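Let me begin by presenting the structure, written as structure tokens, before commenting on it.
The values are calculated or read from the model by the stated rules, or taken from the named source; none is laboratory data. Not measured: the values here are computed from a predicted model. Neighbour counts run over all protein chains shown; Cβ positions are idealised from the backbone, glycine included. Surface areas here come from the heavy atoms of the whole protein model, side chains and all, with no ligands, DNA or RNA. Shrake-Rupley method; radii C 1.70, N 1.55, O 1.52, S 1.80 Å.
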Amino acid sequence: MNKITIKNITTELLDIPIKRPHQFSAVKVAAKSFLLLRIELSNGVVGIGEGTTPGIFWNGESVETMQVVIDQYATPLLLEEDPTQLELLLQVLNRQIRGNEFAKATIEMALLDALGKMYDVPVHQLLGGLKQDKIPVRWALASGTPEGDIEEAKKAVSSGQYATFKTKSGKEAPDDDAKRSIRIAEGIKGHATIGIDPNGSWDRMTTTKWMDAFYEVGIDFLEQPLPPHDIEGLAHLSAMKKVPIMADESVATIYDAMRIAKEKAADIFSLKIHKAGGLKNTMKMAGIAEAAGISCFGGTSLESSIGTAACLHVYASIPNLDYGSELFGPGWLADDPVKNPVIMKNGYIEVPDKPGLGVELDADKIATYRRKTTEEVK
Ligand SMILES: [Mg+2]
């Protein structure tokens, strides 16, 4: 039998509009950018991967940096290689390219999609098999005002779309942020509950001061209140045992996971396939969490149905996803670059069961949202 090899690798950028502007701690965005990666094998199978980040503020990578890293540095290491030796390929990438976990995750995603298609199994079978075939989804309230957020949450609950929520904080002063979150929690009490995510923008004193009030109003969790490096501060907050502390920016890699577990600096890990450098690393982080008695939450980098499918395959395959997920990316985007978007129903999202990631690209939509080069714009 002829050995199957990696024959061709291409990248392109897509800019897809979103339904409503989204307020992060640092920026407000109206469109989401994606790197679309295609890896073609010598047997004709094409695997697709999607690279995306909340923004360059999040960890320093962007779709543009991912494209350069993949085109200039990763592609020459992968061409003519055997895609079935996935672990070996990942090791080569890790040795030759430092960091750039989002870019590496995109490559691994495309390779797993190709292998799944080649073996005619969904990616979750390559990862060991499912624990569940659908997982709960939490919606992020980010309208910009407490009234808007309360109204949005109540509407989502009454229409049966979502039952739990997250508020984005960090735009205002920490005290005002905390008050706003409490107001939202009170405004939806009896209907739904929220977790708070200040994206690392609060300080130790302010956060400590508000922990009792968060407990009283029934906040589900406090996600990454302190800057990513402040592990000691997170450990202090976790030891208060008021509201579960979730680590997100602080727990990007498997090495971070080990340190946070050792220092008892979180009750929950927010998993994200891109920050971890891929699906396999995400499973390893969940394993570290499991051994340390830490729960997991299925985080998002706001993927389309491509990246969301990848998240679903791994999140639904881990045993300790006690806090569900926030895989609302496809519902937040105004359009989706695939013919068969992931299915969201009654607050749950279903794991695709077709070979590979289980999503099929829509060529017309790719053409519509493809970022034009300067030459093409002229
Ligand atoms: Mg977060």
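Listed values, structure above:
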quantity	calculated
Index of the failed condition, Lys117 passing every other in (1) in a helix (DSSP H, G or I); (2) in contact with a helix residue (DSSP H, G or I) (Cβ under 8 Å, 6 or more places away or on another chain)	(2)
Subset of the stretch 232-249 [assigned to a loop (DSSP other than H, G, I, E, B) and either open to solvent by 10 Å² or more (accessible area, probe 1.4 Å) or away from the ligand (no atom under 14 Å from the Cβ) (or both)]	Met240, Lys241, Lys242, Val243, Pro244, Glu249
Residue match in the stretch 21-37 (condition: modelled with pLDDT of 95 or more, more than 17 Å from the chain's Cα centre (by Cα) and open to solvent by less than 20 Å² (accessible area, probe 1.4 Å))	yes
Elements of type helices (runs of 4 or more DSSP H) in the stretch 296-378, at least 1 residues being basic (Lys, Arg)	363-369
Per-region count, the stretch 222-231, residues outside any strand (DSSP E or B), within 12 Å of the ligand (Cβ to nearest atom) and open to solvent by less than 10 Å² (accessible area, probe 1.4 Å)	2
Of all residues in the stretch 251-261 being in contact with a helix residue (DSSP H, G or I) (Cβ under 9 Å, 6 or more places away or on another chain) and open to solvent by 10 Å² or more (accessible area, probe 1.4 Å), the one that is nearest to the ligand (Cβ to nearest atom)	Ala252
Scan of the stretch 289-322 for residues that are among the polar types (S, T, N, Q), away from the ligand (no atom under 16 Å from the Cβ) and either out of contact with any strand residue (DSSP E or B) (no Cβ under 9 Å at 6 or more places or on another chain) or open to solvent by 10 Å² or more (accessible area, probe 1.4 Å) (or both), ordered by number	Ser317, Asn320
Residues of the stretch 262-278 that turn out to be within 16 Å of the ligand (Cβ to nearest atom) and more than 20 Å from Thr206 (Cβ to Cβ), as a count	9
Filter pass, Lys264 being of a type in the set (Lys, Arg), open to solvent by 10 Å² or more (accessible area, probe 1.4 Å), modelled with pLDDT of 95 or more and farther than 26 Å from Gly99 by Cβ	yes
Residue within the stretch 211-218 that is surrounded by fewer than 22 Cβ atoms within 10 Å (Cβ to Cβ) and under 24 Å from the mean Cα position of the chain (by Cα) present	no
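For every residue, the table says whether it meets (1) touching a Phe, Trp or Tyr at 6+ places or on another chain (Cβ under 8 Å); (2) open to solvent by 20 Å² or more (accessible area, probe 1.4 Å); (3) not aromatic (Phe, Trp, Tyr).
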residue: Ile18; (1), (2), (3): yes, no, yes
residue: Gly44; (1), (2), (3): no, yes, yes
residue: Gly47; (1), (2), (3): no, no, yes
residue: Thr52; (1), (2), (3): yes, no, yes
residue: Ser62; (1), (2), (3): no, no, yes
residue: Leu93; (1), (2), (3): no, no, yes
